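Throughout, read-outs are computed from the coordinates displayed, never taken from laboratory work. Being a predicted model, the structure only gives us computed values, none of them experimental. Here Cβ is always computed from backbone atoms with ideal geometry, including for glycine, and neighbour counts include all displayed protein chains.
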Ligand SMILES: [Zn+2]
């Protein structure tokens, strides 16, 4: 007995020394570091879910077992996955990361073109984001603090990956979400780069370590990538061990279940929020599922959850039935770009982008409401709203369409026209429809519907597009697009595009 105790103490000491942060003293407070965290009756994924915690919730640790923590939340006691929690560290906020999308990205002394160049980032280089001013992001890169232009970077969230650790989702593959991503020898930003991988490439996950994922590269090589720059995906097929990932939960009423894995295919069933279907396999952005009739069909990944997350829609707002020729039963979240300290771009004639995005959004909201749509705005005044919050509003209302409104700028004052952006291929149909509506309503140049990597689109589960309604850096165009007449035409065009899109989806 005594000897065993000594061994145990010795083991504990060693564990404390090498394990460092893995030890949890009793009464330690940890913070939930994922959107939804299941509290279970025992220390493992097979135990029953007894409660659900939200990001930011703080719980007190009572004991631990392996990677699991027994915690107390209010008067409830249960077990949570330690890797989805964060220990409170005073004075150190999590840093957001950015990743350069281009080679030779200038890191400048001041947030302006023409200021001194302190360093250059290559495509795939990561840096810690420390500040933001207009279109400029202050970064800390290799010990240099300077400014990079937001057009050339992708912003990445610090906490998203928590929801997708290998253990919780059974993630077996990692798909790159940014244009270029460094693979490193060790799980550390300062470690040697061994390869550059690219958007939409998928790699096998070997293990995870904090925010890092170890992947296997071609040629038997192994390396680490920063997990926020991609998506961890559950394995397809029967190797799946996590039972909760074997079925999908529909997030909103009227979700289309289709014959084939494309939005243009026949709708075979319209599912309501909370309905669940067993997953047969994955097919790109779609799941093949089994219906209650025994037939198989396809549902888009972006309209379902696989972690058993309940629909987040407000219960007080049941969706109305859709009526052809109107927008009744359609929920639209309009996102007026910028606001508060973030003025957006400023026109040659002095227009602040943040002001006309709000005016345009308000007018669009009134038109859509008049047509029967349920409309929410991500801001209704001149206030600063984070990009993450904007996406959260889209999710909260399970928007059928999320529309971010912006006005453009570039260095060349002769560049003109409007552009409709989308990030996920599955959102292209909405982008095309709205772009056609705008094209028919506006006389300025149509730059078309184009893919681009914007945070509010990339992180959005809902059908999401971003509109750049003309260039404020072009003095002629600034004069046109700041008029009430232009806003009337543009919002009418957007409305027509939406009407066409949602009518088509009723067929
Ligand atoms: Zn903007």
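Mind jotting down the three principal axis lengths of the stretch 406-507 based on Cα atoms? Whole angstrom, largest first.
Sorted from largest, the Cα extents of the stretch 406-507 read 42, 27, 17 Å.
Compute the separation of the alpha-carbon centres of the stretch 180-236 and the stretch 372-405 and state it in Å as a whole number.
32
Dividing the alpha-carbon Rg of the stretch 96-156 by 2.2 N^0.38 Å yields what?
Rg over 2.2 N^0.38 Å, computed on Cα atoms: 0.92.
Which order do peptides 103-113, 190-200 fall in by mean Cβ count within 10 Å, highest first?
With the highest mean Cβ count within 10 Å placed first, the list reads 103-113, 190-200.
Which semi-axes, in whole Å and largest first, does the equivalent ellipsoid of the stretch 243-305 have when worked out from the alpha carbon gyration tensor as the square roots of 5 times its eigenvalues?
Each semi-axis is √(5λ); the values are 15, 13, 11 Å.
Starting from 0 in steps of 10 Å, tell me what percent of the Cα-Cα pairs of the stretch 333-471 lands in each bin.
13, 44, 38, 6, 0
Classify the stretch 20-87 as rounded, prolate or oblate from the Cα gyration tensor: take a ≥ b ≥ c as the square roots of its eigenvalues, call it rounded if a/c is under 1.5, otherwise prolate when a/b beats b/c and oblate if not. Numbers along the way, then the final one.
Details: a/c = 1.36, a/b = 1.17, b/c = 1.16.
Because its axes are fairly even, with a/c under 1.5, the stretch 20-87 counts as rounded.
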